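Contents: one structure, followed by commentary.
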């Protein structure tokens, strides 16, 4: 499937429903628990926040969590159907706003929100330039805090995938990754310090969950 086809599928109403249903599966619930455990520790440092950008918001699975830490939440996603799904799932919940945009082209001013929150977008971006621009945008828009995931190039899962593909045991493409050094360089250039960036799972996942603060 080409990138335009994938984007069209994700934007469609059927794509939003499929994504919503995905989080009823066991492996999603397992990763969700791990994410929440790490995030609970992060928010012990972060404390209460005033405003947050949730990008990509999906159907809003993290919006109540961000609100529980004091944030007025701006829900944003490339998929208009996903943004609409938030209103359907949480019809009575007040929001700072909802908008459709790309993750590497965020239509907000510098330091527009206190916290920028971006879970599981980077690894869906096949163009390495766009992946870098996405991370740069997260730091640009954040007044103080950034929490996001990326797929680590040196992760065991990616190393195995690349090796299997190289010797013909797999036809799967390598993961869309960033190096840990690259992410730390982007953060430093943007004036941020990375406090935490553990793997979600050492064996079963290549994602790192980053907590960064403007210094």
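Any idea how many residues of the stretch 163-215 are within 17 Å of the chain's Cα centre (by Cα), in contact (Cβ under 8 Å) with a residue 40 or more places away in the chain and under 21 Å from residue 111 (Cβ atoms)?
7
Would you confirm whether or not the stretch 139-156 contains a residue that is over 26 Å from residue 40 (Cβ atoms), in contact (Cβ under 8 Å) with a residue 12 or more places away in the chain and assigned to a helix (DSSP H, G or I)? If you could, list the steps in order and put the result at the bottom.
Just the residues of the stretch 139-156 that are over 26 Å from residue 40 (Cβ atoms), to begin with: 140, 153-154.
Imposing the further condition that a residue be in contact (Cβ under 8 Å) with a residue 12 or more places away in the chain reduces the set to 140, 153-154.
Add one more test, that the residue is assigned to a helix (DSSP H, G or I), and what stays is 140.
Within the stretch 139-156, one or more residues are over 26 Å from residue 40 (Cβ atoms), in contact (Cβ under 8 Å) with a residue 12 or more places away in the chain and assigned to a helix (DSSP H, G or I).
Condition check: modelled with pLDDT under 95 and surrounded by fewer than 13 Cβ atoms within 10 Å (Cβ to Cβ). Does residue 44 satisfy that?
Answer is no for this residue.
Are there any pairs, at least 6 apart or on different chains, whose C-beta atoms fall under 6 Å, with the first in the stretch 103-125 and without any contact (Cβ under 8 Å) to a residue 24 or more places away in the chain and the second part of a loop (DSSP other than H, G, I, E, B), and if so, which?
107/101
Kindly provide the set of residues from the stretch 41-60 that are more than 16 Å from residue 97 (Cα to Cα) and in a loop (DSSP other than H, G, I, E, B), ordered by number.
47, 48, 49
For the stretch 68-97, what are the residues that are free of Cβ contacts under 8 Å to residues at least 40 places away in the same chain and crowded, with 19+ Cβ neighbours inside 10 Å?
Those that are free of Cβ contacts under 8 Å to residues at least 40 places away in the same chain and crowded, with 19+ Cβ neighbours inside 10 Å: 73, 74, 75, 76, 77, 83, 86.
Quick check on my filter: what residues within the stretch 110-120 are within 27 Å of residue 32 (Cβ to Cβ), surrounded by fewer than 22 Cβ atoms within 10 Å (Cβ to Cβ) and at pLDDT 95 or above?
Selection gives 114, 119.
Within the stretch 177-214, how many residues are touching a helix residue (DSSP H, G or I) at 6+ places or on another chain (Cβ under 6 Å), assigned to a loop (DSSP other than H, G, I, E, B) and modelled with pLDDT of 95 or more?
Selection size over the stretch 177-214: 2.
Residue 56 fails exactly one of the following numbered conditions: (1) loosely packed, with under 12 Cβ neighbours inside 10 Å; (2) within 25 Å of residue 208 (Cβ to Cβ); (3) at pLDDT 95 or above. What is the number of that condition?
Just one mismatch for residue 56, condition (1).
The values are calculated or read from the model by the stated rules, or taken from the named source; none is laboratory data. Because the structure is predicted, anything quoted here is derived from the model rather than measured. Positions of Cβ are backbone-derived with ideal geometry, glycine not excepted, and every protein chain shown enters the neighbour counts.
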